[in-house]
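Participant: One structure, pasted below without further comment.
The values are calculated or read from the model by the stated rules, or taken from the named source; none is laboratory data. Remember, it's a predicted structure, so these values are computed and weren't measured experimentally. Here the Cβ positions follow ideal geometry from the backbone for every residue, glycine too, while neighbour counts run over all protein chains shown. Each accessible area value is taken on the protein alone, full model and side chains, heavy atoms only, with ligands, DNA and RNA left out. Shrake-Rupley method; radii C 1.70, N 1.55, O 1.52, S 1.80 Å.
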Amino acid sequence: LPPVASQPSVFTQLPAPPDEDEDEGIRYVDNLRVVGGLLGTPLKASGEFVGTPEATWFRQRSSLSGRGEDRFVPLGAAQGLEYLPTADDVGAVLRLECVGPYGGKPVAVETSPIALDPPTHAELEAFLRKGQAEFHAFTPQQEARIVLVTRKNIKVRSKSSRMGGGASTLYKQGYQRPVTAVVDEHSPQEMALQLGALKFELLMETPRMRDLAVLCIRMFAGPNCPTHEQLGAELDLAESEDMSARSQPDGSERPTEASSSARGAAPPAGAGGAELGGVHWSDEEEEGEGEEEFKPAMEVKIRAIEDVVVADTTTLKKFSLGLAPPKAA
């Protein structure tokens, strides 16, 4: 589980390099500090400014190369001296850089890893003990959806609005295939859930419920579950190595006998209705998960032509005499 904290923290300006500290002149940004550090609590920056500074927020993320390198990635939608952390920021260090209105060297503040507040942390622990969590959402077309997250898999279900109708599973996938859940940085309640080759755009009831759903999905998926970003990086690396292996000394490429699909490899996910490995397209649910079973109100069967019975006049007359007379108007 991510770190937890009960109170916001105060983060102060990073010291300038020695050569910059000796410069004389006007400091357009000085004594910069940021208060916050909790999910759901805005990070607010203040300081001594000459004019209006230009503020840029960054998130620290580990390199996919596996070498332990870290880099700061700018948050495109985060501008100004205030920023509201999302589920994507939990466990990551954020950085604020401010530059004076006339340019100059940026002044920076770095936070500690963004933590959860105690209620959110307790709710995630409850999901973990129970072994499952259920979240209600809507599609951009306002169709009701249920996201069921369990220890074994994740399911997207459709809630029927018909009388007597239950919830049917639209898609079900285990954690051996790529699972990616991200927040929409331009909308506080929207998230995208990508399972295999399918992507579900979902609108949650509140920003907190959106962040809770994303964190829960990542928690159940675990660190060994591949994401689409990691899968893309691995494919790029494999393609680069393949190109290097096929390169001739003069820079040309060796001809290949056939592509991977022609050699009998499995087709890519989502191609032409092919079966997806590890994915079940079914409405059948496992027992013990507390899900509704769809029960049709009526069942319609079509007879074979050889089973059709043609009634004669006598049979039709007897049948009509057995019907109740129509009520008077």
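Participant: Note down all Cβ pairs under 8 Å where the first residue falls in the range 71-92 and is at positive phi, the second is in a strand (DSSP E or B) and not β-branched (Val, Ile, Thr), and they're at least six residues apart or on different chains.
Facilitator: Gly80/Ala55
Participant: Note down all Cβ pairs under 7 Å where the first residue falls in the range 43-55 and is over 14 Å from Val109 (Cα atoms) and in contact (Cβ under 8 Å) with a residue 40 or more places away in the chain, the second is among the β-branched types (Val, Ile, Thr) and exposed (fewer than 15 other Cβ atoms within 10 Å of the Cβ), and they're at least six residues apart or on different chains.
Facilitator: Val50/Ile26
Participant: Same structure, new question: Pick from the range 135-161 the residues that are part of a strand (DSSP E or B) and over 15 Å from the mean Cα position of the chain (by Cα): which of them is nearest to Glu190 (Cα to Cα)?
Facilitator: Ala144
Participant: Here is a follow-up. Is at least one residue of the range 80-91 touching a strand residue (DSSP E or B) at 6+ places or on another chain (Cβ under 9 Å), in a loop (DSSP other than H, G, I, E, B), of a type in the set (D, E, K, R) and open to solvent by less than 60 Å² (accessible area, probe 1.4 Å)?
Facilitator: Looking through the range 80-91, none of the residues is touching a strand residue (DSSP E or B) at 6+ places or on another chain (Cβ under 9 Å), in a loop (DSSP other than H, G, I, E, B), of a type in the set (D, E, K, R) and open to solvent by less than 60 Å² (accessible area, probe 1.4 Å).
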